[in-house]
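The values are calculated or read from the model by the stated rules, or taken from the named source; none is laboratory data. Model, not experiment: these values are computed from the prediction. Reconstructed Cβ throughout: ideal geometry from the backbone, glycine too, with neighbour counts over all protein chains shown. Side chains are part of the model used for accessible areas, which takes the heavy atoms of the whole protein and leaves out ligands, DNA and RNA. Shrake-Rupley method; radii C 1.70, N 1.55, O 1.52, S 1.80 Å.
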Amino acid sequence: METRHIDADILVIGGGTAGPIAAIKAKAKNPQLKVLLLDKANVKRAGAIAEGMDSVNNAIVPGYATPEQYVKEITIANDGIVNQAAINAYAVRSYAMIRELDEWGVKFEKDETGDYAVKKVHHLGAYVLPMPEGYDVKKVIFRQLRKHGVQVSNRLVTTRLLVGEGGRAAGAMALDSRSGEFAVIRARAVVLCTGAAGRLGLPSSGYLFGTYENPTNAGDGYSMAYHAGAELSGLECFQINPLIKDYNGPACAYVTGPFGGYTVNAKGERFIKSDYWSGQMMLEFWRELEGGNGPVFLKLDHLADETVTRIENVLHVTERPTRGRFHEGRGTDYRSDLVEMHISEIGLCGGHSASGVWVDEHARTTVPGLYAAGDLCNVAHNYMLGAMVYGQIAGEDAVDFIAGRDFAAFDAAQVERERERVFAPLLREDGLAPTQVEYKLRRMVNDYLQPPKVTRKMEIGLQRFAEIRADLGRLKANNPHELMRAMEVYAILDCAELAAAASLYRTESRWGLYHYRVEYEGRNDADWFAFVQVRKGADGRPECFKREVPPYLYPIDAAERDAYDRLRFEQPATV
Amino acid sequence: MSVIVNQSVVSVIVDHDKCIAGKGCRVCIDVCPTDILALDPQDGKVKMVYDECWYCLPCEHDCPTKAIHVEIPYLLR
């Protein structure tokens with residue numbers, strides 16, 4: 001196993017959505033710098049938007065919405081636990097990012113006068129900007145990477161960060177999943193953009209890679225940030241989504257809603273007023289499924305034929321284009337059939353809920369020189385455009401951070417320790433297949449962590465996770481590809497333990513289904529109006545503590561505060 | 001320790017008449033997020049070698065000869 005040594009001024013880990021923008025913006029600010037962008041897949045087709053995106057979920061377009069309205073909507077949707085300064089940092093840059101993407105060649109829906117055609121899907125305001133031709137987003141961004149001279153390295157699986165003097169980020173270590181080479185990368189600042197922890201729960205299909213998130217997003221960044229000493233936040237605020245049953249992809253209400261599609265129960269009744277994904281919406285969805293009114297369906301069969309064709313021309317060509325193939329296989333036609341929906345396995349994701357690496361409004365983590373952006377960071381409901389804006393913030397701030405700073409000196413012993421950990425499964429004579437350990441681990445995540453959360457179940461879950469941790473010493477990989485999967489099992493296990501620890505710590509219910517603890521019904525603002533943080537304690541175990549919610553920039557009226565708790569129709573609405 | 005090899009249905013179907021991997025093309029192998037496609041040295045064609053398909057389609061869309069068709073993995077159909 002050869003070791004490759006690489007130096008970069010700024011190292012960006014993750015070539016999906018936030019990472020490329022971070023790299024582009026760092027180079028744009030200082031073209032003299034060496035900016036290196038790594039991905040475990042191929043940057044051309046990496047991340048959650050490998051096949052593009054069908055809409056911007058959080059566009060703040062003048063004339064439709066203001067940053068203040070948006071920050072208040074997300075504050076309410078996330079039950080008050082937000083750093084408004086961080087949400088606002090996105091909100092004030094949202095429109096400029098749309099304009100810039102538009103100039104680069106990303107296509108957004110416009111009306112006949114050329115204005116952006118914003119739609120209302122959220123409970124209160126209008127923020128959804130359709131992208132019916134959004135399949136080429138990645139190609140547009142890749143051209144900008146080339147134009148700005150960003151260095152790209154594919155198939156490098158980052159396994160641990162290097163921590164230097166004073167606890168500062170000093171770089172990273174990585175495994176080449178093709179050659180099996182080990183890479184030690186020194187950097188003056190590191191931007192982590194590794195996406196959600198999308199391989200945490202097991203999809204009900206039982207297929208390990210049938211996840212909602214791109215399955216390359218195994219939670220590596222959560223694990224790496226944790227081991228580097230960073231604070232993680234809101235890990236008890238799980239990501240759970242309403243998805244097409246078995247296909248396990250979005251239906252997608254943001255696309256169909258503005259055309260007149262909506263969610264119904266088995267009786268054909270509407271039961272939720274807003275299909276915008278929030279924990280409160282998911283709780284109503286779960287109650288309907290479990291309470292005898294299920295299955296739950298997406299209803300489009302009342303729409304005109306040409307409307308359905310327009311919907312198909314979006315849903316079946318962008319983001320998850322195999323949706324049409326799945327429906328065809330089962331003989332489902334939106335014109336005559338309802339689409340059976342289900343709730344997804346659990347995951348961690350800042351972009352959809354609020355579970356991520358803690359960052360402030362400058363995208364700075366609590367580790368000096370370490371930034372996080374995109375689904376990995378805890379800026380609530382940030383989605384694709386928020387990932388791009390936070391990439392921009394991180395990339396630009398990192399340029400300022402490294403000015404006058406050299407590489408942080410680090411203890412070489414951590415390199416040797418990591419080499420030993422990474423290559424052990426390859427050197428072992430025989431042992432457990434990584435996919436089988438992963439299957440067992442993720443099934444245990446379903447059994448013990450899937451809400452409703454029960455204390456005793458989560459405690460048993462932690463015991464099972466500890467037993468699986470002992471099994472990691474028996475993982476056997478036959479080649480560098482399997483070694484990548486083995487390293488991902490380590491990350492998934494860290495995420496499972498951290499999610500359990502944070503969930504046990506917060507002894508109240510909040511965010512609807514995302515943190516529904518049956519023994520602690522209801523919100524308890526007196527004790528729990530705070531972030532729950534977790535970091536690696538002095539004993540090497542997860543340590544939970546509270547972090548105060550900073551004073552709001554935009555106060556929320558008492559009348560608005562609980563708006564997302566009133567999503568259910570009082571009387572069943574048959575339309 | 002003895003092991004059992006499991007049988008799985010392949011979801012990435014490669015048309016051997018159209019695949020030009022034998023001439024050096026590596027597009028699908030390069031773009032696959034989960035890195036499950038490989039050149040079969042026996043016949044110079046691409047094949048799926050790990051049951052880790054996200055049915056996402058970059059391989060199919062980026063193939064210069066349209067040699068690939070992705071099916072929904074059996075467990076999800």
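Tabulated results
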quantity: So A:VAL445, is it within 30 Å of A:ALA189 (Cβ to Cβ), away from chain B (no Cβ under 14 Å) and either modelled with pLDDT of 95 or more or outside any helix (DSSP H, G or I) (or both); calculated: no
quantity: A:ALA526 being of a type in the set (Gly, Ala, Ser), modelled with pLDDT of 95 or more, in a loop (DSSP other than H, G, I, E, B) and within 30 Å of A:ALA501 (Cα to Cα); calculated: no
quantity: Cβ-Cβ under 9 Å pairs, at least 6 apart or on other chains, the stretch A:468-494 side closer than 12 Å to A:GLY431 by Cβ and modelled with pLDDT under 95, far side buried (at least 22 other Cβ atoms within 10 Å of the Cβ) and of a type outside the set (Phe, Trp, Tyr); calculated: none
quantity: Selected residue (criterion: most open to solvent (accessible area, probe 1.4 Å)) from residues of the stretch A:502-514 that are out of contact with any helix residue (DSSP H, G or I) (no Cβ under 8 Å at 6 or more places or on another chain) and farther than 9 Å from A:CYS237 by Cβ; calculated: A:TYR505
quantity: Within the stretch A:325-359, tally of residues that are under 30 Å from A:LYS453 (Cα atoms), open to solvent by 20 Å² or more (accessible area, probe 1.4 Å) and of a type in the set (Ser, Thr, Tyr); calculated: 0
quantity: Of residues in the stretch A:450-480 being in a helix (DSSP H, G or I) and open to solvent by less than 10 Å² (accessible area, probe 1.4 Å), the one nearest to the other protein chains (Cβ to nearest Cβ); calculated: A:LEU472
quantity: Residues satisfying the stated conditions in the stretch A:479-527, i.e. among the basic types (Lys, Arg) and under 22 Å from the mean Cα position of the chain (by Cα); calculated: A:ARG485, A:ARG506, A:ARG510
quantity: Qualifying residue in the stretch B:57-68 (condition: within 12 Å of chain A (Cβ to nearest Cβ), touching a Phe, Trp or Tyr at 6+ places or on another chain (Cβ under 8 Å) and within 29 Å of A:SER204 (Cα to Cα)); calculated: no
quantity: Subset of the stretch B:36-52 (residues that are within 9 Å of the chain's Cα centre (by Cα), within 14 Å of chain A (Cβ to nearest Cβ) and open to solvent by less than 20 Å² (accessible area, probe 1.4 Å)); calculated: B:ILE36, B:LEU37
quantity: Candidates A:ARG517, A:ARG535, A:ARG541, A:ARG561, filtered to the one that is in contact (Cβ under 8 Å) with a residue 40 or more places away in the chain, open to solvent by 80 Å² or more (accessible area, probe 1.4 Å) and more than 22 Å from A:TYR276 (Cβ to Cβ); calculated: A:ARG535
quantity: Segments classed as strands (runs of 3 or more DSSP E), wholly inside the stretch A:178-266, with at least 2 members that are over 30 Å from A:GLU284 (Cα atoms); calculated: A:182-192
quantity: Residue that is nearest to the chain's Cα centre (by Cα), among those in the stretch A:368-377 that are crowded, with 24+ Cβ neighbours inside 10 Å and more than 17 Å from A:PRO550 (Cβ to Cβ); calculated: A:ASP375
quantity: Count of the stretch A:143-166 residues which are touching a residue at least 24 places away in the same chain (Cβ under 8 Å) and open to solvent by 30 Å² or more (accessible area, probe 1.4 Å); calculated: 10
